[in-house]
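Student: Here it is, the structure, as structure tokens.
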Amino acid sequence: MTILLVIAMEAEAAPVRAALGLEGPGQQLHLAFPAHLWATPDEEVAVASNGTDARFGVAAIATQPAVTTTLHAIEACAPRLVISAGTAGGFASRGGEIAKPYLASRVVFHDRRIDLPPFDRYGDGDYAVADLSAVATSMGLATGTVSTGNALDAPPSDVAKMGATETVAKDMEAAAVAWTCEQLDVPFTALKVITDLVDHHETAADQFTRNLALATKTLAQTAADLVAALQDNPLLATK
Ligand code: ADE
């Protein structure tokens, strides 16, 4: 059964597909959405990429495309595991470095501020994450909290929230992918590589632009290694 990687930007997805030997234009998942799916001939591995927003002409990032792509890709390939793969902001104060990869041990939202219990817990999400700690240890891969929001910047309330959850990777998709997986009872994790440090004087945008190529190279290599480790592990071979 398939391991499915869901990736937001084509700049992230193309190196991952190359590392996994996935070629060609892919299959459009739904006529109304730009996302495409690539799969190996044996259907062991698949990559879904959000594609380009038709109106704005940019990569369809953030939470709404993450949900629709994940839904349509799961319907298309019935995966045994979904991996939200991509880049993220890191925290030097918690050991973060440019191009450092992380595997998720927890996935939450940091910007769904609903100070009205019990909606507060609904807002935070805190979705189920597959326990792949043994695989992470064997690969020497750091683990930690991935926190999702719909902004590239981080106002003080978001920074405080990510401090409370000891976030190591701040992204714009993982929790949305995780929510979709939870609805459909599909195991989920996230693999994120750092392009920028949230606790740095430069803007996230400047750091992201400078470090994207380096981080996506690491993403491609780590994603290929993780898929190989998951395929080799008999305990993880079936759902
Ligand atoms: N992806 C890469 N860097 C990010 C950041 N700082 N915030 C959200 N998503 C990101």
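Student: How tilted is helix 10-20 with respect to the longest principal axis of the chain? Cα atoms for both, answer in degrees (0 to 90, nearest 10).
Tutor: It works out to around 50 degrees.
Student: Grab the other residues whose beta carbon is less than 12 angstrom from that of Phe208, score K and R as +1, D and E as -1, and report the net.
Tutor: Its environment carries a net charge of -4.
Student: Counting DSSP beta bridges in the range 105-173, what percent are antiparallel, to the nearest 5?
Tutor: Around 10 percent of the beta bridges assigned by DSSP in the range 105-173 are antiparallel ones.
Student: By how many degrees, between 0 and 90 and to the nearest 10, does the Cα long axis of helix 204-232 differ from the longest principal axis of the chain?
Tutor: It works out to around 50 degrees.
Student: Assign unit charges at the C-beta atoms only (+1 for Lys and Arg, -1 for Asp and Glu), then state the dipole size of the chain relative to its Cα centre in Debye, rounded to the nearest 20.
Tutor: 60
Student: Let me ask something else about it. Go ahead and run the numbers for FRET between Gln231 and His200, Cβ-Cβ distance against an R0 of 45 Å, rounding to 0.05.
Tutor: The pair Gln231/His200 has a calculated efficiency of 0.75.
Student: Under 1.5 on a/c is rounded, so check that first for the range 96-159, then, if it is not, pick prolate when a/b is larger than b/c and oblate when it is not; a ≥ b ≥ c are the square roots of the alpha carbon gyration tensor eigenvalues.
Tutor: Oblate is the answer for the range 96-159, as a/c is 1.5 or above yet b/c matches or exceeds a/b.
Student: Measure off, as a whole percent, the carbon and sulfur share of the 1.4 Å-probe accessible area of the chain, all protein chains present.
Tutor: Roughly 56 percent, rounded to a whole number.
Student: Suppose all protein chains stay in the model; what accessible area per residue would a 1.4 Å probe give for the range 71-140, in Å²?
Tutor: Dividing the accessible area of the range 71-140 by its residue count gives 48 Å².
Student: Restricting to bridges with both residues inside the range 3-236, how much of the DSSP beta-bridge set is antiparallel, in percent to the nearest 5?
Tutor: DSSP beta bridges in the range 3-236 are roughly 30 percent antiparallel.
Student: Then there's this: Taking K and R as +1 and D and E as -1, what net charge do the other residues with C-beta under 9 Å from the C-beta of Ala59 add up to?
Tutor: That works out to -3.
Student: Could you work out the helix-only [θ] at 222 nm for the chain, with each DSSP H run of four or more residues adding -39,500 (n - 2.57) and the total divided by the number of residues, to the nearest 500 deg cm²/dmol?
Tutor: Calculated at 222 nm, the ellipticity per residue is -11500 deg cm²/dmol.
Student: Quick check: Cα centre of the range 102-116 to Cα centre of the range 145-198, how many Å?
Tutor: Between the Cα centres of the range 102-116 and the range 145-198 lies a distance of 6 Å.
The values are calculated or read from the model by the stated rules, or taken from the named source; none is laboratory data. Please read these numbers as outputs of a predicted model, since none were measured by experiment. Virtual Cβ from ideal backbone geometry, glycine too; neighbours counted across all protein chains shown. Side chains are part of the model used for accessible areas, which takes the heavy atoms of the whole protein and leaves out ligands, DNA and RNA. Shrake-Rupley method; radii C 1.70, N 1.55, O 1.52, S 1.80 Å.
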